[in-house]
Amino acid sequence: FRREARTLAKLSSEHAARIIDVGSESDGSFYLVREYLEGTDLARYLKVNGALALSDAVLLILQAAEAVAETHSHGIIVREIQPSTLFLTQRPGGAPLVKLIDFGTAKLMNAAAAPGAGGELTATAMFGLSPYSSPEMIRKAKSADGRADVWSLGAILYELLTGRAPFIGEAAMLMLQITREDPTPPSHLAPHLPAEIDQVIAWALAKDVDARFKNIYAFAHALRPFAPPEGQLLVDRIGQIPEQAKRRPKPSSLPPPAAPPARAA
């Protein structure tokens, strides 16, 4: 928990909810303090307002994608992004601003990011089945990589455009649909959508991970033709994140974290 929190606190994207503090109480229980936000999550927003226009939906997904791409650059996959974990607030001028607020199922992807983790799931890796769970998460969660987050973002984009999740049903039906069936193309549910967005979402939701976009930037780049001007800039920023990560000091060169202050009994 502490390792993940310290790593996530390094995220600089304005689209990741800031982690302000992490520690433990005298009884040993952990706490984590995030920035306070006003607004609503995308799940509630969709229930009230329904589907979004194409450019608006793409912009929100690209905002979330920047936070996810930076998370990946720190060796972490989120594993299960849902509309309820994307919070919609506003900039001072009223422009929409999405923030990723919940890393509760995050998994450190390599030993350098989590010495001693041994590749095993951390205590925060509990997750439940949802329409945003990738096939590999259902079949064998430990094999999941960043492409699981591409799937989740693709499923959320589908819902933002059509007003419904790509897969619907109880647990058994949901597992069957996610692992074996293709969703109805978005343009069949929302005829105003161009057929080209059907193909982008189909690649994001490919059941074979090797047929899916290989990373968040590839997904973002495919969305560029549908993005407003701010979205174009986001695509460029997402593309720069891997290079910025190469210039980041390696974990072994960082000073060890300070010991927590002693607490009175």
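The values are calculated or read from the model by the stated rules, or taken from the named source; none is laboratory data. A quick note: this is a predicted structure, and the numbers were derived from the prediction, not measured. In this analysis, Cβ positions are derived from the backbone assuming ideal geometry, glycine residues included, and neighbour counts consider all displayed protein chains. Protein only, heavy atoms only, side chains kept; ligands, DNA and RNA dropped before computing areas. Shrake-Rupley method; radii C 1.70, N 1.55, O 1.52, S 1.80 Å.
Once you've got the Cα coordinates, tell me which of LYS99/LYS207; LYS10/LYS214; LYS99/LYS142 are over 29 Å apart. From LYS99/LYS207; LYS10/LYS214; LYS99/LYS142, over 29 Å: none. Extending 7 Å from the Cα toward the beta-carbon at both PHE30 and ARG44 defines two label points whose distance is 2.6 nm. In a DSSP loop and with at most 10 other Cβ atoms within 10 Å, the GluC sites (Glu not before Pro) in region 6-82 are GLU25, GLU38.
Only Lys, Arg, Asp and Glu carry charge here, each on its Cβ (+1 for the first two, -1 for the last two); on that basis region 31-73 has a dipole of about 200 debye about its Cα centre. Reported to the nearest whole Å, the Cα centre-to-centre distance from region 61-96 to region 137-199 is 18. Name the residue from PRO194, PRO242, ALA222 whose Cα lies farthest towards the positive end of the charge dipole of region 178-246, charges +1 on Cβ of Lys and Arg and -1 on Cβ of Asp and Glu. Checking the options against the dipole of region 178-246, the answer is PRO242. Applying 1/(1 + (r/R0)^6) with R0 = 45 Å to the Cβ-Cβ distance of MET173 and ALA95 gives a FRET efficiency near 0.70. In summary, the convex hull built on the alpha carbon positions of region 174-235 has an orientation-averaged projected area of 4.9 nm².
When the surface is traced with a 1.4 Å probe over the full set of protein chains, MET173 keeps roughly 90 Å² accessible. Each peptide in 201-211, 158-168 gets a packing score, the mean of other Cβ atoms within 10 Å over its residues, and the list from highest to lowest is 158-168, 201-211. Gain on full extension, evaluated as 0.36 nm per residue between SER84 and ALA211 minus their Cα-Cα distance, stands at 43.0 nm. Modelled spin labels at GLU196 and LEU129, positioned 7 Å past Cα toward Cβ, are 3.7 nm from each other. Available extension along the chain between ARG6 and HIS188 is 61.1 nm, counting 0.36 nm per residue and deducting the alpha carbon span.
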